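To start, the structure under review is shown below, and the notes come after it.
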Amino acid sequence: MALGLVVIYALSPLRANVLNNAYGGNYDPNYFFLGQLRSVVLSLIVFFLAFKVIPIKTVQKFAKPLLIVALSLSVLLWILAKSGSSLAKCELGECRWFNLGGFSFQPAEILKIAIVIYLADFFTRKKKEGAIGDLKEFWLPLLFISGLSLLLVVVAQGDLGTGVALVAIVFGMLLISGVPMKQYLIFLVATVVVAVGLVATSAHRMKRVDAWIATLTGSESSDSTYHIDNAMLAIGTGGFTGVGIGNSVQATGYLPESINDSVFAVMGETFGFVGLFVIIFIFGAMLTHMLKVAEHTEDSENRLLVVGVFSWTLAQVVVNIAAMTGLVPVTGITLPLLSYGGTSMLFISFAIGLVLQLSCYTSREGTKHEDTSSRRRVGGPHHTRGRRSS
């Protein structure tokens, strides 16, 4: 967060200047920095609440209501967008935000954390009932929830990036749910087929695929390859140690979404190979710790929740970095905790806070079938023999 704040501070005047000159805006040079600072402060508060104040069982108790609220907000946004209401904020033809005066938020981000919490509860209940893998009791509800979520996000909002994160969450949690591997692989193949169909039937997405193929084959640059060409140019310009803070050329208007989806490329230009290595190392350390927490968490529902947050974070990190380096087609997905944007940072901070809360109550040598929820409290870890804070 601190690193992202430094970069946004340097990019804020450049971004404001681009929007003022190109679109006739009236942005203050510090507009985006102050917005990011506000997001960081709120996210740290939310993180602390999830880490130390709100008991995990209280959060899990509202699994179903939270999912209903998240889905309802997505439906409401679609209705408002179709009716042309000013309450729906649209950019580049896609309506993904609620516009509430000077405040906007993206319901898809709420849906991510809601899906994680709900599926952790759902998989745990079905395992206790012995219904894991059952068509009526397990697969139909899962397919309905997953399908509806993807419909509202990918089709209604045109947000393929969030769709990728949701799919990663479902498959990551499903992998440790106890479902038979044969069923898991069938579901995986079916999902891939549907994904290919959604891409093939969308002119906008096929254009991105064509641009990606053109980049891989070294074809001549065109309007379709503009984004990835400038992203890779930014990273290449950074060299080994970067051009330094405030010296980015690509952020002056050449690279689209320089403070959002493309912030990794701008960081490559600013900090060079060394800086990008440090960023990837930090993400790797955080993700490795999440896996360690999951490994030593005895309660099944808590372990599923941690894996859900891990899958969500991993998907966004990998897809964003891969898109900026030409390994996959450009997809609109933010880099967690670094990209500009309040809703994304807010909810992933809350999710990471829950993981850290659980990390205080993990066991190095736990009993597999022991339910420790009865003695888990938020006030602080119970330092007993065999227990540690991972």
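A few notes on this one:
- For Ile186, the test of being within 20 Å of Leu291 (Cβ to Cβ) and among the hydrophobic types (A, V, I, L, M, F, W, C) is failed.
- Hits in region 106-125 - residues which are under 16 Å from Ser349 (Cα atoms) and of a type outside the set (A, V, I, L, M, F, W, C): Gln106, Pro107, Glu109, Lys112
- Unmet criterion (only one of (1) in a helix (DSSP H, G or I); (2) without any contact (Cβ under 8 Å) to a residue 40 or more places away in the chain; (3) surrounded by fewer than 24 Cβ atoms within 10 Å (Cβ to Cβ)) for Glu269: (3)
- Leu174 over 27 Å from Asp261 (Cβ atoms), buried (at least 21 other Cβ atoms within 10 Å of the Cβ) and either more than 16 Å from the chain's Cα centre (by Cα) or not assigned by TED's automatic domain parsing to the domain that holds Ser262 (or both): yes
- Contacts under 8 angstrom Cβ, first residue in region 58-85 being over 12 Å from Leu111 (Cα atoms) and not assigned by TED's automatic domain parsing to the domain that holds Leu100, partner of a type in the set (A, V, I, L, M) and in a helix (DSSP H, G or I), 6 or more apart: Val59/Ala50; Val59/Ile117; Val59/Leu354; Gln60/Ile117; Gln60/Ala120; Gln60/Leu305; Phe62/Ile117
- Scanning region 29-58 for residues that are aliphatic (A, V, I, L, M) and touching a Lys or Arg at 6+ places or on another chain (Cβ under 9 Å) yields a single hit, Ile56.
- Taken over region 81-116, residues that are over 22 Å from Gly35 (Cβ atoms) and either modelled with pLDDT of 90 or more or of a type in the set (Asp, Glu) (or both) amount to 4.
- Residue match in region 34-54 (condition: at pLDDT below 90, under 26 Å from Ser339 (Cα atoms) and touching a Cys at 6+ places or on another chain (Cβ under 9 Å)): no
- Residue within region 250-258 that is under 21 Å from Ser311 (Cα atoms) and under 24 Å from the mean Cα position of the chain (by Cα) present: no
The values are calculated or read from the model by the stated rules, or taken from the named source; none is laboratory data. Computed from a predicted structure; not experimentally measured. Using ideal geometry, Cβ is built from the backbone for each residue, glycine included, and neighbour counts are taken over all protein chains shown.
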